[in-house]
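Everything below concerns the one structure shown next.
The values are calculated or read from the model by the stated rules, or taken from the named source; none is laboratory data. Keep in mind that this is a model prediction, so the values were computed, not measured. Cβ atoms come from the backbone with ideal geometry, glycine included; neighbour counts cover every protein chain shown.
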Amino acid sequence: MLSIAWKDLLILFKDRNSLVGAFLLPIVFIIVFLGVSGLSGGGGGESADPEKVPLAVVDNDGRDAAATLRANLEARAGLAITVYPEAEAMAKLEAQEVTHVLVIPAGFTADLAAGNVTTTLVLKTNTLDRGRSEAVLMAVEGVTRNMSLERQIVASLEALARMQAANPSFDPSTSAELAIPIAQRQFQESQGRPLVSVTQAQPASLGQKENVEISGVQIGVPGFAVLFIFLTAQITARSIHDEKKTGTFRRLLAAPVGKWPMLVGKLIPNFVVVLLQAVFLFATGMFVLPLIGLDSLGLGNDPAALVLLVLATALCCTCLGILIAAIARTEAQIGGIAGLVLWVLAFLGGSFIPLFLINESMATIGQVTPHFWAVTGFYDLLTRGLGMASIVDSLAALLGFSAVFFIVGAWRFEFD
Amino acid sequence: MPHILEADKLVKKYGDLAAVDGISFDVEEGEVFGLLGPNGAGKTTTISMLTGVLEPTSGTARIGGHDILTEPKAVKQINGLVPQDLALYPTLSARTNLQFFGRIYGLRGKALSERVEDVLRVVALTERANDPIEKYSGGMKRRINIAAGLVHQPRLLFLDEPTVGVDPQSRNHIFESVLQLNRDRGMSIIYTSHYMEEVELLCNRVAIVDQGRIIAMDTIRNLIGMLGGGVIQIGLERVDDEMLAAISALPAVTGASRVAPPAPATAPEEGPAVLAPPGAPEPTLVKIESKRSQDALVQVIGCLNERDVAFTSIEIFEPNLESVFLHLTGKKLRE
């Protein structure tokens with residue numbers, strides 16, 4: 001069994017076309033996809049330039065401080081401010097006519113004047129461009145931080161003035177000595193306990209899109225990794241087809257090797273190649289893509305879960321290989337399955353665009369593909385930073401697909 | 001001599017079609033046994049069943065005392081298979097190919113290395129052993145194809161049409177290797193071919209196979225002896241029973257009968273004295289068995305002249321396995 005696997009790996013690694021298809025083509029796809037889609041992430045040009053970013057503002061306060069905030073956002077942060085009623089702003093956000101909406105709460109001016117900690121502004125976003133979202137958030141936070149600081153320092157000086165007025169024996173020459181430490185204390189407090197804070201959120205009406213905050217690399221690398229991992233399933237089918245065509249399969253059948261060990265020996269290389277593919281693609285996402293100005297791929301917070309998901313995906317792909325080998329009798333059929341079925345399944349499964357960003361019906365259709373579960377699992381781990389509990393359903397689905405593929409494939413496989 | 005192989009009523013059916021229809025034969029230890037027959041006769045299917053590649057529909061065989069159905073692993077250790085195809089991995093070197101085929105028979109370490117070097121010597125390809133197979137000539141590939149079947153030192157070697165597409169020099173080398181393996185190492189060999197010259201050269205005994213059945217089996221001398229003086233096949237514009245009787249009565253003729261003409265799609269084989277003008281009516285082929293073919297030919301032509309019957313073709317088959325096959329089936333081996 002291991003001899004067969006080792007021999008197949010030797011053959012595979014001598015086949016330049018297979019290596020290019022398995023390892024280099026995915027990288028090319030990822031780079032081209034990110035370039036074309038403009039989802040290059042924080043390292044990209046436009047997203048780092050807040051001057052061009054429009055910001056819709058819902059002013060539920062309507063008083064001085066809110067007006068000052070809007071003016072400062074436009075003048076100091078360079079955002080293009082448009083004020084909308086809240087309902088209209090939310091509708092435009094949902095329709096993605098605007099990508100960022102800042103909601104200034106009622107009572108903002110009064111709270112700020114009273115020094116109430118904390119007045120919260122809500123920045124709602126609806127874009128995949130994490131870089132742009134971060135730029136807007138930083139701009140808003142910068143402006144509000146300055147407003148907090150200004151308000152707190154002014155408040156402290158007012159307090160000092162009140163102290164002086166209340167004490168007739170106060171020596172004005174000591175005013176500066178008192179004012180400076182007070183101002184420094186207020187400055188530190190404004191850093192730690194700002195009067196105004198900003199939270200970033202998605203409107204609840206956007207359902208599954210809530211809390212999505214992804215860079216292009218976080219989408220592209222896992223998605224295309226899953227696409228090309230499942231394309232690797234044709235390795236087993238091609239290898240078995242080649243063996244039958246050249247007659248070496250007869251030789252294997254004539255040797256004292258059981259049929260099942262022989263078949264498992266044919267499957268192991270597929271499994272190994274998928275593992276190498278995953279390591280290569282994720283490592284490229286982490287270390288190589290940043291060198292060409294793209295974001296670095298984050299591997300999330302649960303490496304054990306990531307390893308398990310890669311193993312489950314590799315197993316599923318390998319079992320799909322035996323199914324293809326059993327169904328496809330000719331080279332053309334193998335090519336047809338790889339060229340059409342696997343690409344369509346990948347599209348339906350969300351390898352190109354995450355289905356939770358499209359609509360629910362697509363996500364429902366996608367669930368019949370193993371790609372969906374693999375992609376969803378990788379997004380949960382790599383993009384959302386979730387852990388093992390979040391991918392249990394993905395693991396179960398992938399193992400279920402593996403079992404079905406293997407059973408049907410083994411049942412239909414013809415050794416003769 | 002004990003039997004290394006005893007095949008008992010082997011049958012292989014695909015639906016209603018019987019590719020092998022009740023074949024039984026024995027092979028003695030140390031014997032080179034030939035399976036001779038045209039393409040599609042069932043030779044490869046028979047070998048496939050004996051080597052465990054195909055499961056028989058019915059019947060069985062014992063190889064080295066082990067039943068092929070109940071003890072397949074023991075049988076497979078005894079067998080060596082050299083398939084008709086070039087069953088090798090073209091991007092790997094000859095040495096890597098041989099090492100792989102040795103490993104799947106359980107060879108490891110020093111024993112494996114020694115066996116690989118030994119079979120490379122047998123096929124005289126030691127110096128090219130590290131080259132990828134895809135860079136070999138057709139003849140060299142055939143030789144490595146044989147080596148791959150020898151690496152685990154089988155007691156019984158199945159050579160399935162090993163010389164197809166081989167140049168004369170490599171063909172001779174293969175013949176020498178087969179004879180050497182049999183003579184020096186006592187290896188039993190089952191050799192299939194549709195080239196009667198090869199079988200005559202290499203084999204002690206021959207089974208002639210046609211349409212999934214053995215139609216004759218004996219030593220080559222005895223098989224040829226069935227014919228006496230050879231066979232003449234003559235194409236006539238017209239023939240009737242009276243003419244057949246007249247030909248049969250000729251002194252140098254032992255019998256005459258009609259045979260079906262060859263299928264139109266069949267390419268003409270090389271052969272003596274074929275006269276067939278274009279556009280001529282389809283001739284009737286008559287097979288004439290003779291005591292001495294030259295005498296019989298003169299007498300037959302005289303008989304035809306007397307009756308003013310023109311002949312369209314004449315082929316003379318001297319006594320050999322080809323003419324035995326023609327005699328038994330009415331067909332040529334390579335039709």
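Per-residue answers, yes or no, for (1) crowded, with 23+ Cβ neighbours inside 10 Å; (2) over 17 Å from residue A:316 (Cα atoms); (3) modelled with pLDDT under 80; (4) among the polar types (S, T, N, Q):
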site	(1), (2), (3), (4)
A:340	no, yes, yes, no
A:357	no, yes, yes, no
A:367	no, no, no, yes
A:372	yes, no, no, no
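Test of understanding: among B:223, B:236, B:244, B:304, which residue is of a type outside the set (S, T, N, Q), in contact with a strand residue (DSSP E or B) (Cβ under 9 Å, 6 or more places away or on another chain) and either under 30 Å from residue B:25 (Cα atoms) or at pLDDT below 75 (or both)?
Values: B:236 fails: either under 30 Å from residue B:25 (Cα atoms) or at pLDDT below 75 (or both); B:244 fails: either under 30 Å from residue B:25 (Cα atoms) or at pLDDT below 75 (or both); B:304 fails: either under 30 Å from residue B:25 (Cα atoms) or at pLDDT below 75 (or both).
Just one listed residue meets the conditions, B:223.
Please work out if residue B:51 is buried (at least 18 other Cβ atoms within 10 Å of the Cβ) and within 9 Å of chain A (Cβ to nearest Cβ). It is true that residue B:51 is buried (at least 18 other Cβ atoms within 10 Å of the Cβ) and within 9 Å of chain A (Cβ to nearest Cβ). For residues that are more than 7 Å from every other protein chain (Cβ to nearest Cβ) and outside any loop (DSSP other than H, G, I, E, B), tally how many sit in region B:80-95. Of the residues in that region, 5 qualify.
Residues in region B:96-148 that are within 12 Å of another protein chain (Cβ to nearest Cβ) and at positive phi: B:106 alone. Count of region A:213-240 residues, restricted to those that are among the charged types (D, E, K, R) and at pLDDT below 75, is 1. Scoring residue A:275 on the criteria (1) touching a residue at least 40 places away in the same chain (Cβ under 8 Å); (2) part of a helix (DSSP H, G or I) leaves a single failure, condition (1). Condition check: touching an Asp or Glu at 6+ places or on another chain (Cβ under 8 Å) and free of Cβ contacts under 8 Å to residues at least 40 places away in the same chain. Does residue B:38 satisfy that? Here the answer is no, as residue B:38 does not meet what is asked.
Looking only at region A:70-108, which residues are free of Cβ contacts under 8 Å to residues at least 12 places away in the same chain, under 18 Å from residue A:147 (Cα atoms) and surrounded by 14 or more Cβ atoms within 10 Å (Cβ to Cβ)?
Of all residues in region A:70-108, those free of Cβ contacts under 8 Å to residues at least 12 places away in the same chain come to A:71, A:74-75, A:87-88, A:91, A:95, A:97.
Adding the requirement that they be under 18 Å from residue A:147 (Cα atoms) leaves A:71, A:74-75.
Residue satisfying the conditions is A:74 alone.
Within the set B:91, B:96, the sole residue that is over 16 Å from residue A:252 (Cα atoms), modelled with pLDDT of 90 or more and not aliphatic (A, V, I, L, M) turns out to be B:91. Restricting attention to region A:240-262 and to residues that are more than 19 Å from residue B:158 (Cα to Cα) and among the aliphatic types (A, V, I, L, M), the residue that is farthest from the other protein chains (Cβ to nearest Cβ) turns out to be A:240. Of the numbered criteria (1) within 14 Å of chain B (Cβ to nearest Cβ); (2) at pLDDT 85 or above; (3) more than 30 Å from residue A:217 (Cβ to Cβ), the one residue A:269 fails is (3). Could you figure out which of (1) in contact (Cβ under 8 Å) with a residue 12 or more places away in the chain; (2) touching a helix residue (DSSP H, G or I) at 6+ places or on another chain (Cβ under 7 Å) isn't true of residue B:104? Looking at each condition in turn, residue B:104 falls short on (1).
Is there a residue being touching a strand residue (DSSP E or B) at 6+ places or on another chain (Cβ under 7 Å), closer than 14 Å to residue A:123 by Cα and assigned to a strand (DSSP E or B) anywhere in region A:64-79? No: region A:64-79 contains no residue that is touching a strand residue (DSSP E or B) at 6+ places or on another chain (Cβ under 7 Å), closer than 14 Å to residue A:123 by Cα and assigned to a strand (DSSP E or B). In the set (1) within 14 Å of another protein chain (Cβ to nearest Cβ); (2) at pLDDT below 90; (3) buried (at least 16 other Cβ atoms within 10 Å of the Cβ), the condition left unmet by residue B:15 is number (3).
Does any residue of region B:125-143 turn out to be touching a His at 6+ places or on another chain (Cβ under 9 Å), outside any helix (DSSP H, G or I) and at pLDDT below 90? No, because not a single residue in region B:125-143 is touching a His at 6+ places or on another chain (Cβ under 9 Å), outside any helix (DSSP H, G or I) and at pLDDT below 90. Looking only at region B:130-152, decide whether some residue is within 30 Å of residue B:331 (Cβ to Cβ), in contact with a strand residue (DSSP E or B) (Cβ under 7 Å, 6 or more places away or on another chain) and assigned by TED's automatic domain parsing to the domain that holds residue B:205. Yes; the residues of region B:130-152 include at least one that is within 30 Å of residue B:331 (Cβ to Cβ), in contact with a strand residue (DSSP E or B) (Cβ under 7 Å, 6 or more places away or on another chain) and assigned by TED's automatic domain parsing to the domain that holds residue B:205. Criterion first (touching a residue at least 40 places away in the same chain (Cβ under 8 Å), among the basic types (Lys, Arg) and surrounded by fewer than 18 Cβ atoms within 10 Å (Cβ to Cβ)) does residue B:213 satisfy it? For residue B:213, the condition - touching a residue at least 40 places away in the same chain (Cβ under 8 Å), among the basic types (Lys, Arg) and surrounded by fewer than 18 Cβ atoms within 10 Å (Cβ to Cβ) - is met. With the requirement that a residue be among the small types (Gly, Ala, Ser), surrounded by 20 or more Cβ atoms within 10 Å (Cβ to Cβ) and closer than 15 Å to residue B:290 by Cβ, what does region B:226-244 give you? B:230, the sole residue that qualifies. Under the condition of being away from chain A (no Cβ under 11 Å), surrounded by fewer than 24 Cβ atoms within 10 Å (Cβ to Cβ) and of a type outside the set (Ser, Thr, Tyr), the residues counted in region B:62-79 number 6.
Out of B:170, B:113, one residue alone is over 23 Å from residue B:53 (Cβ atoms) and either outside any helix (DSSP H, G or I) or free of Cβ contacts under 8 Å to residues at least 24 places away in the same chain (or both). It is B:113.
Residue B:279 falls short on exactly one of the conditions (1) more than 26 Å from residue B:194 (Cα to Cα); (2) at pLDDT below 85; (3) of a type in the set (Gly, Ala, Ser); (4) not in a loop (DSSP other than H, G, I, E, B), and that condition is (4).
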